[in-house]
Each structure stands twice: as C-alpha cells, then as structure tokens.
Amino acid sequence: MIRRILVYIVDNFRWIGWLMILGAVLIVLPYMVRTYQVEVLILLLIDIILVVSFRLITTTGGWSLAHVPMMGCGAYATALLTAGLGVPFWISLPLSGLAAAVMAFILSYPLARTTGFAFFVASFAAGDSLRLCWTRFKTPFGGHKGLTNIPVPEFFSSVDLSAPIPYYYLALVITALCLLIMFRLDRSRIGHTFKAISMNADLSRSLGINVTFYKMLAFTIGSFFAGVAGVLLAHRLWAVVPAQFGFVTTLYLLVWVVFGGTRTFHGPILGVVVLTFLSELLKPLFEWVPMIFGTIIILTLIFFPEGLEGLGHRFTPWLDRQRFAAGDEPRH
Amino acid sequence: MALLQLKNLGKDFGRLVAVNRIDLTVEPGEIRGLIGPNGSGKTTIFNLITGFIPPSRGSVFFQGEDITDLPPHAVARRGLARTFQLTTLFKEMTALENVVMACHLHLRVGLWRQFWRTARTRRREKAVEFRAMELLEFMGMAERANELAGELPHGHQCALGISNALATNPKMILLDEPVGGMNPTETAQTMDRIRRLRDLGITVLLVEHDMKAVMSTCDRITCINFGNKIAEGTARDVCSSQDVIEAYLGGTSGVCSL
C-alpha cells in the first residue's frame, strides 16, 4: 500500500509539485493582500465550488439554470438550522448540502426527462419558483428581507471565524475537499458514464445505461455541492436574501462557465478566477462592468467557443513552430 | 421456444400507420433478415422491440418474457442489443474507450465502489479493458484501438458500432444496416463476422439494403412493406414471391440477381 503511494507520487511528481506550489500560494495569499481583497477571495472560493459543481451537471449534457437557486437552498437551510434551531455549523454544513440535494433529487425526477432547450427552460422555471417561494413565504423564509443573524461558525475558542483570514482558510479547506471529491468523481467510471450520456444518449441507452438515473444522479450531486457553497456564503454574509439567488447571479455563473469552458475540470475554475480578477481591476469603471462582461462573452463565443481551456490547444501548433524554428523537436 | 416474438405489433404516428400488425418469431441461433423498401417500417420495428418508442398495439416477448413496456436500458440488460443506422458512437472517445464504456453492464460494481476505485474495482476495470480489446480484435479493429472513434473510416465505425453492441454480452443482436456504405470487400468481411456471431450462439436480426449480403447470409428473411409483412421464408422463397417483386420494383422484374 505504502509502496503504491510512493510509486504514485514519483510517477506524478510534476503534477503534485505544481499542486503543492499552488497550495503554498493559496496559504500565504491572504497575508499578501488587503482585508477587502480577502473577502473577495472568500467569495471567489465559494464561486469556484459553484462553477465546478455546475460543470458536473453539464457533463451529462444539460445546462441547469436551477443551479444558483440550489445554492440558495443550502444557504436557506443553514440559516434555518443554525439561526432557527441552534444546530452547530459543522453539522449544518453537510445537512444543508443534503437539503439542496434532496430538493434537487425531487426536481430532477421530471427535469431528467427533458433535454436540450426544454431542460434549459424547465430548470429555470423550477429554480425560479423555488426563489419565489422564499420571497412569498414570510415564515419561515422571511420574505424579501430574507433571514438574518446567521451565526459565525464555531471553532476552537482561540480562532475567531468572523475575521476574514480565518474564514478564508475555512473556505479554502472546504473548497479543496469539494474539488477533490468532484475531481475523483469526474475521473471515475461514474464521470465517464456522464460524458458518454452527453455524447450520445441513445447509444448509452442501447448499451444498458439507465440515462435518467445518471442524469438525476449528476443533478443531485452537483446540487449538493452548490448547497455547500450556499452554506459558506450564508455564514460569511450572516444573512440570506432571495435577491442573491436571482437570474443575475445565474447569468454571472453562465458567463464564468462559457468563458472558461466546460470540457475540462479546470476550465470553469480558470473562467471564474480570471473574470473575478478582471472585475476587481475594473472596479473604478463600476457602471461599465456588465457591458464589458457582455462584450467578453460575445467575443468568447465568436473567437474561442471552447473557452479559455481551448486556448492551450490552439496555441500548441504555434508553440511547435516556434520550437521548430528554435531547432527543437516539435512536441507531440 | 422462440427467442424473440412479436405479436400483433404496431405503431401509429398520428394518422400514419408506420407499422401495422406484425407477427414475427425468431428462433435461437438464427440469422434473420428484415428487408423492405425505404420507409416500410424496418427501423421503427427495431425501435419498438428495444423500447426506444412505445408501441401503439401488440407486444414483444424475449425469451418468453414480456418486454413491451421496458425502457431501452432494461431491454439491453436482458441480453438484447442493437446497433443504429447512422454510425452511432461516442465520437470523442477512442475505439477502445467506446467498447470499455459499452462493457458498463458487466462491471457490476456499485456506485460507491466506482467512486473509491478499490483494488477490486481496478482489477475488474482491467479485465473489462482486456475483454474490450478481444472484441475489437474479433471485429478486426485491434490496430485502431487508440484512434478517436469519430475519425475512423466509415467501415471501421460500423464495425465499432457492432463491437459496442457485443460488449453488452447479448443473446441476440439487432443490426440496423451493418454494411451500409461499405465497399464489397468490407461487406464480405462484415457478413463473415456476422456468421461467426451466430457460431458464438448469438441470434441475429438484421436490416439491410444490400440484397446480395442479405440473401447469402440470412437463414430466413422477412419482407415488409407499408408496415405489413408481405413475405417470409428462405432467400429463394422471398425472391420468388410476387408481392416482394412488386414492392421493390413495382412489378417489372425480379429483385434478386443472385
């Protein structure tokens, strides 16, 4: 067992090396930036969970517009559990994820039977009706004003999780864990089956794959992680309001994902990271940000429809030529 | 006992009767041909048998079990595989990955174990890969195992489609135009492999337009037109049937130039 682990580490040394460097950067990062920027990083981590779990659902072929409301499910669940019932954060975290998953499971029963455009519209309707429930029902969801007084997660008394930097580490650990699980899933046979379904649903059926079941599975698991993201969001903002989970947020999610690409695991992460940095850079041009994002999305769809992740492939021939010109062998 | 039995099977699309009332019995170990002019309802019959579309009337029995209302994946699990008319593959996967995916059914590993990829799961995955390679060899595709399915030449795509169907370990296989668009050499090779399938104990029902291939391979042939069965029997019987000749050529001359 130990030998196998060692062999694995040696075989994947470069990959693990890069990951360790990235980890180190992420650990020192909050001390290198201003407090406000730490808050941005926390939200970025939450958004990373959101886009990666969104991609998980897209691997079966459907773009769910109910994903942001699913995040809302997690946020509302934890608000009700911790602020309402006094459940500790650490128990509420998985429970609220599960609440989103259960809601998703129920919705997925009809949703998984739709494809393409119908899925788009149906998931939007399902998600938005959820959001309307939170607006309309004053009890227990608090209507337009939402729920407040969501407690700070408790940890050892020496660590104050209401401060940005400790919360950043909390979010970092949970994000890393979520990504690890989803990466594992993506590379497992379950993930391969999801991709097979999106490539050709009829063929998958004829080979004995229960397409509806796997679509429901992807939707449920993806929503679980969206719920977890919602929990992290709710405990950072100490409040949840229905407006947070409206269509504008969904649009941002779509922009991140289109910009990054959905074919690879890292594509959507790349998209959300680059665009978050960009919108921070453009902070002084506040009014222009939506217009700039709109332009970016149109240009992306025209010039590199595969998203950022596709750029690597696109430049490979060019790089090869440069190497060739420099007298090296082209890379294959 | 008949392996596959269609009783009074029919399908209407609105007011169009695609398949009227078909009775068909396929015995184990048989190679059965299903022929008919374009639009006569052959592919619809395939879709009805495999549960892709629900029939308007009648029923389908496989090994004595009523499978009329089963969804496609459940039909596949009972050992009834099919291929599709236009090459239907996982185009962005390699040939080997295609067949490995098609072996899905045999993995018999729970979701949880698939997620953790325990040693046992990995062993099974290795075994599945080995089996997939065997199937590719059987279909004469071994040297192309690592090419992307979408980039294979047409003949190989068809062969890969059959490999995929075989990977479900079927008792019976429905082939929808297995030699469509192939050159004569490829056709001969494919028909030879279909005969070898029969020798492996797999019953075959095939739809094909290449009359020469059908006549030389099938034990029995069923001819349909406008959703009705118009002839059934050996190649010779079907060829000499006046109804068949009329259906194909409007009654001018013989269909079969063997």
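Taken together, the values in this text are just the output of simple stated rules run on the coordinates, not laboratory data. Quick caveat, the model's predicted, so the values are computed rather than measured. Neighbour counts are summed over all protein chains in view; Cβ atoms, including those assigned to glycine, are modelled from backbone coordinates with ideal geometry.
Determine the calculated [θ] at 222 nm for chain A from helices alone, applying -39500 (n - 2.57) to every DSSP H run no shorter than 4 residues and normalising by the residue count; nearest 500 deg cm²/dmol.
Working: 15 runs with 244 residues, N = 332.
Per the formula, -24500 deg cm²/dmol.
Of B:Lys7/B:Lys212; A:Lys138/A:Lys215; B:Lys171/B:Lys212; B:Lys7/B:Lys42; A:Lys215/B:Lys91, which pairs sit farther than 22 Å apart, going by alpha carbon to alpha carbon? Don't jump to the answer; show the numbers that get you there.
Values: B:Lys7/B:Lys212 29 Å; A:Lys138/A:Lys215 34 Å; B:Lys171/B:Lys212 26 Å; B:Lys7/B:Lys42 16 Å; A:Lys215/B:Lys91 20 Å.
Listed pairs above 22 Å: B:Lys7/B:Lys212; A:Lys138/A:Lys215; B:Lys171/B:Lys212.
Could you give the length gained on full extension between A:Cys133 and A:Phe303, defined as 0.36 nm per residue of separation minus the Cα-Cα distance, in nm?
57.2 nm
Provide the three semi-axes, in whole Å and in decreasing order, of the ellipsoid equivalent to chain A as defined by the square roots of 5 times the Cα gyration tensor eigenvalues.
Details: eigenvalues 206, 137, 97 Å².
Equivalent-ellipsoid dimensions as semi-axes: 32, 26, 22 Å.
Could you give each residue of the stretch A:134-151 its phi-based ³J(HN,Hα) in whole Hz, using Karplus coefficients 6.51, -1.76, 1.60 with θ = phi - 60°, and x for Gly or Pro?
Couplings: 5, 6, 7, 8, 5, 10, x, 8, x, x, 4, 6, x, 10, 10, 6, 6, x Hz.
Please state the charge dipole magnitude for the protein assembly as shown, taken about the Cα centre, from unit charges on C-beta atoms (+1 on K and R, -1 on D and E), reported in debye and rounded to the nearest 20. Don't skip to the answer; put the middle values down first.
On the way: 53 positive and 43 negative charges, 251 e Å.
I would put it at about 1200 debye.
Taking a quarter of the surface of the convex hull around the Cα atoms of the stretch B:88-169, what do you get in nm²?
Orientation-averaged projected area of the Cα hull: 5.1 nm².
Looking only at Cα atoms, what is the convex hull volume of chain B per residue, in Å³?
It comes to 136 Å³ per residue, whole-number rounded.
Filter the trypsin sites (Lys or Arg not before Pro) in the stretch B:1-103 to those in DSSP coil with at most 12 other Cβ atoms within 10 Å of their Cβ, and list the result. Write out the running numbers ahead of the final one.
Working: sites: B:Lys7, B:Lys11, B:Arg15, B:Arg21, B:Arg32, B:Lys42, B:Arg57, B:Arg77, B:Arg78, B:Arg82, B:Lys91; in loops: B:Arg15, B:Arg78, B:Lys91.
Passing both the DSSP loop test and the Cβ count: B:Arg15.
Looking at chain B, what % of its DSSP beta bridges pair antiparallel, to the nearest 5? Please report the intermediate quantities before stating the final value.
Details: 20 of 36 bridges.
Roughly 55 percent of the beta bridges in chain B run antiparallel, per DSSP.
Whose amide H sits under 5 Å from the amide H of B:Ile224, counting only residues 5 or more places off or on another chain, with H placed in the peptide plane?
B:Ile35, B:Gly36, B:Ile230
Dipole magnitude of chain A about its Cα centre, charges +1 at Lys/Arg Cβ and -1 at Asp/Glu Cβ only, in debye to the nearest 20? Kindly include the intermediate steps, with their values, before the conclusion.
Numbers: 23 positive and 15 negative charges, 121 e Å.
Taking the Cα centre of chain A as origin, the dipole is about 580 debye.
For chain A, which span is the longest to avoid every loop-located (per DSSP) member of trypsin sites (Lys or Arg not before Pro) having at most 13 other Cβ atoms inside 10 Å?
Numbers: sites that count: A:Arg34, A:Arg331.
With trypsin sites (Lys or Arg not before Pro) excluded where exposed in loops, chain A gives A:35-330 as its longest stretch.
Using only the Cα atoms of the protein assembly as shown, each taken as one equal point scatterer with no solvent, compute I(q) by the Debye sum, divide by I(0), and report log10 of the ratio at q = 0.07, 0.08, 0.09, 0.12 Å⁻¹.
-0.55, -0.69, -0.83, -1.19
Can you give the helix-only mean residue ellipticity at 222 nm for chain B, where every DSSP H stretch with n ≥ 4 adds -39500 (n - 2.57) and the sum goes over all residues, rounded to the nearest 500 deg cm²/dmol? If you can, show how the numbers build up before the last one.
Details: 11 runs with 102 residues, N = 258.
Helix contribution divided over all residues of chain B: -11500 deg cm²/dmol.
Percent of Cα-Cα pairs more than 15 Å apart in the stretch A:14-88, please. Write out the running numbers ahead of the final one.
On the way: 1990 of 2775 pairs.
Considering the stretch A:14-88, 72 percent of its Cα-Cα pairs are separated by more than 15 Å.
Taking the DSSP beta bridges in the protein assembly as shown as the whole, what percent of them are antiparallel, to the nearest 5?
Working: 21 of 37 bridges.
In the protein assembly as shown, approximately 55 percent of DSSP beta bridges are antiparallel ones.
Using θ = phi - 60° and the Karplus curve 6.51 cos²θ - 1.76 cosθ + 1.60, what whole-Hz ³J(HN,Hα) does each residue of the stretch A:44-54 get, with Gly and Pro shown as x?
Going residue by residue, I get 4, 4, 4, 5, 5, 4, 4, 5, 5, 5, 5 Hz, with x marking Gly and Pro.
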